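Read through the structure below, which is laid out as C-alpha cells, and then see the notes.
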Amino acid sequence: MYGPSLIALGWLLLCALAGVAPGEESSGALLTPVAQAPEPVPSIDTAPQDAGADDNPRPRRQLTKWNEYDGPISTVRFGLGLLVDFAAYVQDEESKQQVEPLNDVGIRDFRLLASGRFKTERPLSWTFGYMYDPADETWRVRQSGIQIGFPEVNGNLFIGRTKEGYSMIKVMTGYYGITMERSPGNDAFVPILADGLKWMGYYPGPRVFFSLGAFSDLTTNQESFATYDYQFATRIGWLPVASEAEKLVWHTAVMSRVGRPDEGAILFRSKPEDSLAPFFVETRSMAAELAGTTGFETYYRKGPWLVGGEFGVQNVERKKRRNVAFLAGDVVASWLITGETRGYNARGGYFEPVSPDHTFFEDGPGAWEAVLHVSYIDLDDRDIAGGKLLRLTPMMNWYLSDNLRLEFAYGYSVLSRFDLDGHTHFFQGRLQLTL
C-alpha cells in the first residue's frame, strides 16, 4: 500500500541530506551537506512561537532550501518524517500466558507536514499534518490549525486540532522525545490530539508559562483518539532556575484535565513502550459520567545532563458504581556523551530536538545520548483489574545529523495481571528520518 510513498520519501530525504533540490546535480558526495555553518541556538529559547513549532521545527542546519517558500501572502515550510521500528522479545512462561508479542519490523509513523506565517500585522501562523496510519491503512489529519498571536498580553490562541497541553512529554512530538516511546501512563490517560481552542501564555519576568484548552468531538467522532465528548485541560509551569550562561534550567509544572467520556463509557489501555507489541495493560469498558487526570512534572537540565519525570492520577466517576482511580509515573535520566545540550522552549514548556555539534556527515561523531528510563502504571482498583506494569529501559540515541537518528533500547518489564507476574525482555531499535 505504501511502497511507492516510501520510495519517494527516501528519495526526498536523500536529497535533503545531500543538500540539493530534486532534479539538481550535487557537486560532491551524496551525503555532503551544504557548506554552511550551523545557526547558533540558545539553550533556553524564549522567542515567539508559530503554529506547529513543536511538530515541524526548523533545523539548526539548513541542509536544503527547496522545501521553504517565501510567498506574497504567507511563508511555507514543508516537512516530513518516517519512523521504522524493530522489536524482539524473550518471555518467561507466565508472560507467555498473559500476552504474546511477536518479533516484528514495521512502520511506526509516516507523515507529511506544512506550516507557515501569514504576512499580517498581527502574528498569524498555520500548520497542517497528514499521517499514514499503517495499522488501519489510511491517511489521517494530525496537528492542523491556525494560531493568532497576542503579543500585548504575551499569549497565543490556537484553533484546530492539537495537543491538549497536559504533560510536557505529551506536548513534545514523538520524533523528538528523549525515550523511544512515551510512558504507558501518558498513552493510557491522555488522548494524543483533540479539536478545539487552546490558549498559551508566557511571562518572562517570573518565568511562568501556562496553557488552557477546551475541546469537543464534534469533528473527530470517528477518530481513535476521540474518547471524550468534550474535555478541558490546563498546565501551569514555573522555571525556578533558568541560566543561559550555565545552560541550566529547572522546569516544574502541575496539570489537570477533565471530560465526559464518549457515549458515557471509557476504558484505559497501553502498550509497553513498544509500538509493535500488543496492549499489556487494559481495563474493561466502564460506564462513566466524568473522567479526569491530575499530575505534576519536574525536569532539571544542566549542560549535557537531564533528569526528571512526572506522576499522574486518573479518576473515573462511574455510573451506579463506586469511583475508581489509577496511577502512573516515570523517571528519566539522560546524558549527551558528546557534550551537546538539549534545548528548552520556555514559551511552550518543553524540550527541543538534539542538534549534533559535529554531524556524522561532517566527519564528526554526531551526538550520542545515553538514557535510563523507569515507568510504572497501575490499572487495578476495586472491581477493575487492568494490570500493573513496571518497565526499566536503558537505551542509546545516536543523532547522526539534525535529520537522521538511530535508537537502540533494551527493556525489562514485570506485568502483574491474571494472577500472574510475567517477565519480558525487549530488544528494540528505531530508524528516524525527518526533513
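Assorted remarks:
- Placing a label point 7 Å from the Cα of PHE279 along the Cα-to-Cβ direction, the residues of region 179-214 whose backbone N falls under 15 Å of that point are 184-192.
- Per residue, the convex hull around the alpha carbon atoms of the chain comes to 142 Å³.
- Taking region 158-194 and a reference point 7 angstrom along Cα→Cβ of ALA214, the backbone N atoms nearer than 17 Å belong to 158-162, 164-165, 194.
- Our estimate of slack between ILE148 and VAL90, defined as 0.36 nm per intervening residue step minus the Cα-Cα distance, is 15.8 nm.
- Where Cα atoms sit under 17 Å apart: lysine pairs in the chain separated by 8 or more or lying on different chains: 7
- Taking the centroid of alpha carbons for each part, region 98-153 and region 344-420 are 21 Å apart.
- Calculated FRET efficiency for the pair THR294/ASP421, C-beta based, R₀ 30 Å, to 0.05: 0.55
- Summing +1 for each Lys or Arg and -1 for each Asp or Glu among the other residues whose beta-carbon sits under 14 angstrom from that of THR138 gives -2.
- Förster-model FRET efficiency, 56 Å R0, ARG122 and ARG382, C-beta, rounded to 0.05: 0.60
- The antiparallel fraction among DSSP beta bridges confined to the chain stands at about 100%.
- Among LYS96, LYS247, sorting on how many other beta-carbon atoms sit within 10 Å of each Cβ, with the fewest leading, yields LYS96, LYS247.
- Cβ-based exposure ranking for LEU113, LEU379, LEU193, LEU390, in which fewest neighbours within 10 Å come first: LEU390, LEU193, LEU113, LEU379
- In the chain, taking the dipole from charged Cβ atoms about the Cα centre, the farthest positive-side position among LEU433, PRO206, TYR412 is held by PRO206.
- Amide H to amide H, with H built 1.01 Å from N, MET172 comes under 5 Å of no residue 5 or more places away or on another chain.
- Computed label-point distance, nm, for sites HIS358 and VAL414 using a 7 Å Cα→Cβ extension: 4.4
- Net charge dipole size for region 3-434 [Lys, Arg +1 and Asp, Glu -1 on Cβ; Debye, nearest 20]: 1020
Every read-out reported here was derived from the displayed coordinates using simple, explicitly stated rules and does not represent laboratory data. The structure presented is a predicted model; accordingly, all values stated were derived computationally and were not measured. Note: ideal-geometry Cβ built from the backbone for every residue, glycine included; neighbour counts use all protein chains shown.
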